[in-house]
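The values are calculated or read from the model by the stated rules, or taken from the named source; none is laboratory data. Quantities reported herein were computed from a predicted structural model and do not represent experimental measurements. Glycine gets a Cβ as well: all are built from the backbone with ideal geometry, and neighbour counts include every protein chain shown.
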Amino acid sequence: MALTPAEQREYDSSFESEALPWLDDVYRFALSLTRNEADADDIVQETYLRAYRSWHTFERGSDARRWLFTICRNAFLRTRERARHQVELEDGDVEAVASQVSENSGSASSDERLLTRLDLGPALSQALGQLAEPFRSAVTLVDVEDQSYEAAAEILGVPIGTVRSRLFRGRRLLQQMLTEYARDAGIATPITAEVAPDATPHPHR
Amino acid sequence: MSDVPQDPCAPPVGPGAVDCAMALEQLWEYLDAELATEGMQAVRTHLALCAKCYPHYDFEKAFLEAIAACQCTTCAPHDVRCHVIEALRRAGFCSAEKVEN
């Protein structure tokens, strides 16, 4: 049903004031999914076009950013399907990758000490860029975009337990990459016996 | 009250209390404020008492803050903003925002 001019102005005005301010956030999320600026540009355009056309379905007062993230994620998946480009690891592969990370030979304390000597900013940016899906989107949503586990689960279309698992493994992968970075940079000293085998955080699933 | 200092790493005493292993297992969920109220309180109490676990908490907290800090300043390039506005206009959107070419 066509809108009257006044209704159209209200439609556009509310979209501009509630959806457009999240463009930076949507871009960051799109970039985390695509890891490519040109692709992120396309995904953000697609996200906002779909959001604009569906704006009448958006429930006023609810979280517009979460809604946009969901559209963005779906736009990314559709693009990926069209391109037949397999980016996301299958669950079996996820388990395999995670298993290489989760057991860190009880040296969490030494790694923690090592990482405190590192300027985390640049190294973390690089590590995040290298973090594989589906870990990257979970880390981006929760740690960068400050979404709850529940919101991230809704955006990603997976159960909360899956978000928790991907998030924790993603964080462990990042810590491992940072540790390797520090060692490559010569910041690390050899792990010595001074390191007590302290209890290592092993977040449950 | 007993004069004997409590050993927080001893098996938990009382409903809801947690030992070191349990506290560390729930550390990220605690930092994310994703535990239930009782769980948040139990981990908070343990960390306040346990010199062994607190450094882990300190490290993980700094790590999570660093992740947020290293990305949150990334903004959409001007070109992306222009492309979005232009695409929306082609779809009928009338914006007060001017696109600078």
> For segment B:49-69, which residues satisfy the criterion of being more than 12 Å from the chain's Cα centre (by Cα) and buried (at least 20 other Cβ atoms within 10 Å of the Cβ)?
Replying inline: B:CYS50, B:CYS53, B:HIS56, B:PHE59
> Pick from segment A:19-30 the residues that are more than 7 Å from chain B (Cβ to nearest Cβ) and of a type outside the set (Val, Ile, Thr): which of them is surrounded by the fewest Cβ atoms within 10 Å (Cβ to Cβ)?
Replying inline: A:PRO21
>> Going by what's in this entry, would A:SER13 be described as assigned to a helix (DSSP H, G or I) and over 24 Å from A:ARG136 (Cβ atoms)?
In response: yes
>> Against the definition (within 12 Å of chain B (Cβ to nearest Cβ), surrounded by 20 or more Cβ atoms within 10 Å (Cβ to Cβ) and at pLDDT 90 or above), how does A:SER148 come out, yes or no?
In response: no
>> Given (1) more than 22 Å from A:ASP146 (Cα to Cα); (2) surrounded by fewer than 20 Cβ atoms within 10 Å (Cβ to Cβ), identify the lone condition not met by A:GLU46.
In response: (2)
> If we scan segment A:94-101, do we find a residue that is surrounded by 19 or more Cβ atoms within 10 Å (Cβ to Cβ), at pLDDT 80 or above, under 18 Å from the mean Cα position of the chain (by Cα) and assigned to a helix (DSSP H, G or I)?
Replying inline: no
>> Being surrounded by fewer than 19 Cβ atoms within 10 Å (Cβ to Cβ) and not aliphatic (A, V, I, L, M) is the requirement here; does A:GLU37 meet it?
In response: yes
> Of all residues in segment B:19-38 being farther than 22 Å from B:ALA68 by Cα and among the small types (Gly, Ala, Ser), which is surrounded by the most Cβ atoms within 10 Å (Cβ to Cβ)?
Replying inline: B:ALA23
> What number of residues within segment A:31-41 are among the charged types (D, E, K, R), more than 7 Å from chain B (Cβ to nearest Cβ) and free of Cβ contacts under 8 Å to residues at least 24 places away in the same chain?
Replying inline: 1
